[in-house]
Amino acid sequence: MGYTFQTAVTKAAQPILTNDPKQRPVFSMFDATYNAILMAVSPLIINTFMAPHYGESINDPMLWRHASLIFAAASLAFTALAVTGIWEKDRTEFFGYGKNGERVRLSDCWRVLKGNQPLQMLIIGASTDKLAMMMRLGVTTYLFSNLFLNLSLQGIYSTATVIPTILVAMAGMAWSRKVGLKKATVLGAAGGCVLSLAMFIVGADPKNPIPFLVMLCVYSGCFQISGGLAIPMVADCADYELYRTGKFVPGIMGTLFSFVDKLISSLSTMLVGFAMAAVGMSNTQIIPNTFMGDSFNRMILVCFCLVPCLGHLATLIAMKFYPLTTERMAQIQEAIAEKKKNLA
């Protein structure tokens, strides 16, 4: 619940922070950097440093209880920083045309979702990507532990690739400042689609994991591009709604996006559970660093590679019908600025 509250307001805050198309991708550049670091540090802390000190290793409930407390405390600290960062922008002059926010009714949610085509396409693209990512994360530990047969490799890999992953993501997002959010998202999704398919074909060979892990590193950078740019794109959708209807409702935009995004991505755990059941693992304890069978390995690769490939493909299709190009957003921002000047 706390995470949902945070993601809703994070997306709602974007049009208030800035309406400069060259500044909006900067948020994603920082976001991608933080995410890459956290994704690297988390498995290193849990799998490499904490797990060996617990009797059942990665399967020990107390390990996850203590890890939850650590990450909850870190989240609280980051939340305080986020509140500090938005504080001075939380004023009426930054709200749309510089007036108090519109009164919001429940019916407005349906009106926005029905009439705002960019938001519709963004939700489709981002939520399918998120579903794929959640399934991939859900089986990542099994990939290292039961396919590569080396659980500690996950922490080592994550730490070793954090800088290359950040560099790939930063290069893509810097490029988005020149060509626009839509083109950069398409680039990231296309790269992710090709690389995830290539990883499935190559397979996870415990004797030679390097080809798979190199492709995974580049893939992670591509995903940071396509997934990370969704948040500033919500701001573009909010500006489009202001241009289209005269209503500044970033809260509705952020909440709608988060609601549908989480509704779809929450299916990931259920789908992983179905996949486990399909290969006879629903009531079987999966032992770390142990080969669990060919059918289990294939299922992990399907969840880790093929499902993300389908998610990126859905993003590419959705972006085909996403109308907010760089040129279109320039026109919208110019029209908003002109109206705001006339109302002043």
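The values are calculated or read from the model by the stated rules, or taken from the named source; none is laboratory data. Computed from a prediction, not measured in an experiment: that's the story for all the values here. Neighbour counts run over all protein chains shown; Cβ positions are idealised from the backbone, glycine included.
Give all pairs with beta carbons closer than 8 Å in which a residue from region 42-71 that is in contact (Cβ under 8 Å) with a residue 60 or more places away in the chain meets a residue that is outside any helix (DSSP H, G or I) and loosely packed, with under 11 Cβ neighbours inside 10 Å; count only pairs at least 6 apart in sequence or on separate chains.
If the second residue must be outside any helix (DSSP H, G or I) and loosely packed, with under 11 Cβ neighbours inside 10 Å, the pairs left are ASN59/GLN285.
Please verify whether CYS193 is in a helix (DSSP H, G or I), touching a Pro at 6+ places or on another chain (Cβ under 9 Å) and not hydroxyl-bearing (Ser, Thr, Tyr), treating the condition exactly as stated.
Yes.
In region 139-156, which residues are part of a helix (DSSP H, G or I) and either aliphatic (A, V, I, L, M) or at pLDDT below 85 (or both)?
VAL139, LEU143, LEU147, SER152, LEU153, GLN154, GLY155, ILE156
Select from region 159-173 the residues that are surrounded by fewer than 21 Cβ atoms within 10 Å (Cβ to Cβ), more than 13 Å from PHE30 (Cα to Cα) and more than 17 Å from the chain's Cα centre (by Cα) and list them in ascending order.
THR159, ALA160, ILE163, PRO164
Residues checked against (1) over 27 Å from PHE148 (Cβ atoms); (2) surrounded by fewer than 23 Cβ atoms within 10 Å (Cβ to Cβ):
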residue	(1), (2)
SER226	no, no
TYR240	yes, yes
ALA278	no, yes
ASP294	no, yes
LEU306	no, yes
ILE317	yes, yes
ARG328	yes, yes
GLN333	yes, yes
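Given the residues THR79, THR7, which is the only one that is touching a helix residue (DSSP H, G or I) at 6+ places or on another chain (Cβ under 8 Å), surrounded by fewer than 16 Cβ atoms within 10 Å (Cβ to Cβ) and of a type in the set (Val, Ile, Thr)?
THR79
Conditions tested, residue by residue: (1) part of a helix (DSSP H, G or I); (2) within 27 Å of PRO43 (Cα to Cα); (3) modelled with pLDDT of 85 or more.
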{"residue": "SER158", "(1), (2), (3)": "yes, yes, no"}
{"residue": "THR165", "(1), (2), (3)": "yes, yes, no"}
{"residue": "TRP175", "(1), (2), (3)": "yes, no, no"}
{"residue": "ALA189", "(1), (2), (3)": "yes, yes, yes"}
